[in-house]
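Report on the following structure.
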Amino acid sequence: MLAKVNSGAVYGVDAYPVEIEVNAASRGDPQIVIVGLPDAAVKESKDRVYTALTNSGYRPHIGRTTVNLAPADIKKEGPSFDLPIALGLLAAMEDIETQKFAHMAMVGELALSGEVRRVKGVLPIAMRARAEGLHGIIVPFDNAEEAAVVEGLNVYPVRTLREAAEMLDGGGLPEPCRVGLDLLAHKLDAYADDYADVKGQEQAKRALEVAVAGGHNVLMIGPPGTGKTMLAKRLPSILPPLHLEEALETTKIHSIAGTLPAHEALITTRPFRSPHHTISDAGLLGGGAHPVPGEVSLSHRGVLFLDELPEFHRNVLEVLRQPLEDGVVTISRAAASVTFPCEFMLVAAMNPCPCGYFADTKRECRCNDRQIQSYRNKISGPLLDRIDIHIEVPTIAYSQLTALGSGEPSVHIRERVTQARRVQQTRFRNTEGLHCNAGMGAKHLQTYCRLVPEAQEMLRTAISELNFSARAYDRILKVSRTIADLAGSDSIQSEHIFEAIQYRTLDRQLWI
């Protein structure tokens, strides 16, 4: 008998439907043959399925069994087809009825005991099942909340193969799993780390507020132990609140990568990713024979923090240029290309020199000029072109460390940031693809960065006296526009220019 089962697979950030055809012949050699471009994990599923069926109390099929995964011209990967193949085999042997198969999708990995294990990519598969007009989906118990986020689709979690078979075999379906999106929406701004915990570093916190308000990338420079990592980890708490659509988009990426925790319905806080400096370019961008998201995509809608920036391999840093520019990363393979979204805020930290104490007032630098220059040259000009703000993070005084009380909480800073972002959204509402000041080009600078005469004179003096480059000129205009937005000013004043100039540390004579 022939049975058909609906399932799905992921390619890139989207899923596509997979129809599994199982034919159990009464004659022929007793073996299971899987066709339809299966990879090694899919081919091995026949052994898992056979053992799981036996240990679940079902009789094995005596004869040749053919399993076809359609469409046959796309390579199938992973163990998520175990459960639908097993249920299709039971239906082909007429051990269970098939009347519910036509409107139901199913995914899951099988243990040899018949237990159903969680798999990757359940959220995009559930979204695709709804788009295909299916009424429900059977998923592993640990993936239930993830799939239940998709409205208009009944989600039935199962723990074992027998439980799934009995659910489909003529009896009534149980109550589907539900997730209250209204309750999840209240968790979209719950962060454990807060800027109220940070002692001192008021200038650095102000610079980070400006950076977040305008979507600017940041480079923090300072000796070891000054709090650069502590400041960076709290950045998601002052980013604008994560909207439900953004949360779904972010969760989709983490579901595909397999980094979504069990029983987690949504990523409710903005991602913060901090890869080690030994990471490869494939680990950063994503890749593999069947491309999976890298760190730049896992930080989508959040923060990518690169600590000890000069210690990263040069080729790894250079591959960041295209994602920073376009907000997407494209991975090309012989068969096809995959595009992952990666709109993130880049925050980097570095020491001013190899020993870390260049220009420090309390510790003597042991590096010579050649070592310092070689250390800084590890960061290329094109990458620095995409970093608008460079700030110094100096050593904290003992009096600041022991001071009573706490700093300004993140919620207050986020209110100012959100208001500034609203101003920018209104400003760029008719400009496609532009949402914040950091994305402005030369034409936008002329249109939106109006300087009062005093501000123009100050900028002219800074360019001539401090030998700022044309690159620094554009960055100063962008950052000053953001500072003016935070101040609620339509035009750029001299104090806005003055503050923006301070955020160009690497362009000053002291650091050249």
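Listing for the model above:
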| item | result |
| --- | --- |
| Subset of region 352-368 (residues that are in contact (Cβ under 8 Å) with a residue 40 or more places away in the chain and buried (at least 22 other Cβ atoms within 10 Å of the Cβ)) | Pro352 |
| Those strands (runs of 3 or more DSSP E) lying entirely in region 97-173 with at least 1 residues in contact with a Ser or Thr (Cβ under 7 Å, 6 or more places away or on another chain), closer than 26 Å to Leu2 by Cα and of a type outside the set (D, E, K, R) | 104-106 |
| Flag if Ile483 is surrounded by 18 or more Cβ atoms within 10 Å (Cβ to Cβ), among the β-branched types (Val, Ile, Thr) and in contact with a Lys or Arg (Cβ under 9 Å, 6 or more places away or on another chain) | no |
| Some residue of region 223-232 being touching a Phe, Trp or Tyr at 6+ places or on another chain (Cβ under 6 Å), over 30 Å from Arg118 (Cβ atoms) and among the small types (Gly, Ala, Ser) | yes |
| Single residue of region 80-95 satisfying the filter (out of contact with any Gly (no Cβ under 8 Å at 6 or more places or on another chain), buried (at least 19 other Cβ atoms within 10 Å of the Cβ) and assigned to a loop (DSSP other than H, G, I, E, B)) that is modelled with the highest pLDDT | Phe81 |
| Flag for Pro409 being touching a Pro at 6+ places or on another chain (Cβ under 8 Å), open to solvent by 30 Å² or more (accessible area, probe 1.4 Å), modelled with pLDDT of 85 or more and within 30 Å of Glu308 (Cα to Cα) | no |
| Unmet requirement for Thr98, which otherwise passes all of (1) buried (at least 20 other Cβ atoms within 10 Å of the Cβ); (2) of a type outside the set (Asp, Glu); (3) touching a strand residue (DSSP E or B) at 6+ places or on another chain (Cβ under 8 Å) | (1) |
| Restricting region 49-75 to residues that are open to solvent by less than 20 Å² (accessible area, probe 1.4 Å) and part of a loop (DSSP other than H, G, I, E, B), the residue that is farthest from Val107 (Cα to Cα) | Gly63 |
| Selection status of Lys205, within 30 Å of Gln502 (Cβ to Cβ), in a loop (DSSP other than H, G, I, E, B) and not hydrophobic (A, V, I, L, M, F, W, C) | no |
| Within region 302-341, considering residues that are in contact with an Asp or Glu (Cβ under 8 Å, 6 or more places away or on another chain) and either assigned to a helix (DSSP H, G or I) or of a type in the set (Ser, Thr, Tyr) (or both), the one farthest from Met220 (Cα to Cα) | Asn315 |
| In region 118-151, the residues that are open to solvent by 10 Å² or more (accessible area, probe 1.4 Å), of a type outside the set (A, V, I, L, M) and closer than 24 Å to Gly12 by Cα | Arg118, Lys120, Arg128, Arg130, Glu132, Gly133, Asp142, Glu145, Glu151 |
| Residues satisfying the stated conditions in region 261-289, i.e. touching a Ser or Thr at 6+ places or on another chain (Cβ under 7 Å) and at pLDDT 90 or above | Pro271, Arg273 |
| Residue within region 443-450 that is of a type in the set (Phe, Trp, Tyr) and touching a residue at least 24 places away in the same chain (Cβ under 8 Å) present | yes |
| Residue within region 286-300 that is farther than 30 Å from Ser374 by Cα, touching a Leu at 6+ places or on another chain (Cβ under 7 Å) and not in a helix (DSSP H, G or I) present | no |
| For Lys46: the one exception among (1) assigned to a strand (DSSP E or B); (2) over 24 Å from Arg128 (Cα atoms) | (1) |
| Test: residue in region 153-163 that is buried (at least 24 other Cβ atoms within 10 Å of the Cβ) and either within 22 Å of Lys76 (Cβ to Cβ) or charged (D, E, K, R) (or both) | yes |
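Let's see how each residue does on (1) in contact with a strand residue (DSSP E or B) (Cβ under 9 Å, 6 or more places away or on another chain); (2) farther than 27 Å from Val10 by Cα:
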site: Arg301; (1), (2): yes, no
site: Leu309; (1), (2): yes, yes
site: Phe312; (1), (2): yes, yes
site: Asn368; (1), (2): no, yes
site: Gln373; (1), (2): no, yes
site: Thr402; (1), (2): no, yes
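The values are calculated or read from the model by the stated rules, or taken from the named source; none is laboratory data. Since this is a predicted model, take the numbers as computed values, not measurements. As a convention, Cβ positions derive from the backbone with ideal geometry for all residues, glycine included, and neighbour counts pool all protein chains shown. These accessible areas exclude ligands, DNA and RNA; they are computed on the full protein's heavy atoms, side chains included. Shrake-Rupley method; radii C 1.70, N 1.55, O 1.52, S 1.80 Å.
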